[in-house]
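Single-structure report; data block below.
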Amino acid sequence: MSEPVQTPLTAQNAAFKPRIFSGIQPSGGLTLGNYLGALKRFVEKQDEGIETIYCLVDMHAITVWQDPAKLRHATREGAAGFIAAGIDPARSVLFNQSQVTAHVELAWIFNCVARMGWMSRMTQFKDKAGKNSENVSLGLFAYPALMAADILAYHATMVPVGEDQKQHLELTRDIAIKFNNDYGVNYFPVVDPLIEGAATRVMSLRDGTKKMSKSDPSDQSRINLTDDADMIASKIRKAKTDSEPLPDSADGLKDRPEARNLVNIYAALANQSVEQVMAEYAGAQFGTFKPALADLAVSKLGPITTEMNRLMKDPAEIDRILGEGADRAEAIARPIVDKVYDITGMIRSRR
Ligand code: AMP
Ligand code: TRP
């Protein structure tokens, strides 16, 4: 296997203007993990005034089976979640991936740049395929090349994601570097992952060693952005914990995954550091801490849920927003991907 050559980041990226891209799969409802690890951060970046492009990656979703009606619903609900959480479709570009064909065009080129060995090492593929790797879709294996295409079709330089996407972003860097080297160009930026905040990896409420996920069979394991106040409170009350009081420093949470998870969630929702939360709740029992966390979660998530429900009453308006976003996305991606045909030696005589 050819090892990617590392080039100093700043030299590589000096030619590119700061631009943020990120995506979420509409393969089910949004969870608290999506909110704290991704959405909340997407809003912060938008509000910092950086150019932001956000995408519901429906083409990624179908790498595992999706019922068509449910996929359509989840895509609209995802868009409603973005807007309810604070994404302003006038300031950010918000769209669904399949409406901009530049993504899949560039993904094919990247399928020819990425190496089988690179893809085989992706832990998300190994987790999702499990013992069944002969029988999963070819798309699931190629998934990270499409993700690289999502990002690089916009020459994006920064990608806010949760911890679980770190390896995919390293692969995106490797693809950009190999493409640039193979073709002797400095065409694609080498992206910076933005994995920041107190909750880059929100864990299951039932098992502190497992990621909170929309695909977990147990609904008790996660908080959905569609859950009402009673449901949120009840899930937090029943969340698995140990029986010790909270320690007086973050260090004391090291070997207590469930306690650490609840503290991280609290810190992220309250916009505090873990140390600040520990200072307030040192020595507290979960009988005290859980109701405080439930109140905080309801006060932060409640307004989002209400706004999502309101937006979902007008699906045509959501589709209109996604279409307008897709037009703006296409205007950026089309010329970038067109030039790739030239670089790679494809004849384009119809233009
Ligand atoms: P997905 O739902 O897999 O499409 O993920 C969309 C975004 O949410 C990515 O940036 C993920 O890293 C992030 N994310 C998903 N689950 C979690 C979690 N449990 N904790 C933190 N971030 C998460
Ligand atoms: N793979 C990401 C996830 O499951 C979703 C995704 C697709 C993405 N394309 C992207 C994230 C581009 C960031 C940038 O979470």
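The values are calculated or read from the model by the stated rules, or taken from the named source; none is laboratory data. Keep in mind it's a predicted model, so treat the numbers as computed, not measured. Reconstructed Cβ throughout: ideal geometry from the backbone, glycine too, with neighbour counts over all protein chains shown. Note: accessible area is taken over every heavy atom of the protein model, side chains too, but ligands, DNA and RNA are not part of it. Shrake-Rupley method; radii C 1.70, N 1.55, O 1.52, S 1.80 Å.
Here are the numbers for the structure shown:
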item: Single residue of the stretch 123-147 satisfying the filter (among the aliphatic types (A, V, I, L, M) and at pLDDT 95 or above) that is nearest to ligand 2 (Cβ to nearest atom); result: Met147
item: Every pair of residues 6+ apart whose Cβ atoms lie under 9 Å, when the first sits in the stretch 121-133 and is touching a residue at least 12 places away in the same chain (Cβ under 8 Å) while the second is of a type in the set (D, E, K, R) and in a helix (DSSP H, G or I); result: Thr123/Asp164; Gln124/Asp164
item: The stretch 45-81, subset outside any helix (DSSP H, G or I), surrounded by fewer than 19 Cβ atoms within 10 Å (Cβ to Cβ) and not charged (D, E, K, R), residue farthest from ligand 2 (Cβ to nearest atom); result: Gly49
item: Cβ pairs under 9 Å, 6+ apart, first in the stretch 7-27 and among the hydrophobic types (A, V, I, L, M, F, W, C) and away from ligand 2 (no atom under 16 Å from the Cβ), second modelled with pLDDT of 95 or more and in a strand (DSSP E or B); result: Leu9/Asp192
item: Selection from the stretch 211-240 of residues that are open to solvent by 30 Å² or more (accessible area, probe 1.4 Å), at pLDDT 95 or above and within 16 Å of ligand 2 (Cβ to nearest atom); result: Lys211
item: Check on Lys166, out of contact with any His (no Cβ under 9 Å at 6 or more places or on another chain), more than 13 Å from ligand 1 (Cβ to nearest atom), modelled with pLDDT of 95 or more and not aliphatic (A, V, I, L, M); result: no
item: Test: residue in the stretch 157-171 that is surrounded by 22 or more Cβ atoms within 10 Å (Cβ to Cβ), within 12 Å of ligand 2 (Cβ to nearest atom), within 18 Å of Asp338 (Cα to Cα) and within 18 Å of the chain's Cα centre (by Cα); result: no
item: Subset of the stretch 101-111 (residues that are without any contact (Cβ under 8 Å) to a residue 12 or more places away in the chain and closer than 13 Å to Tyr341 by Cα); result: Trp108
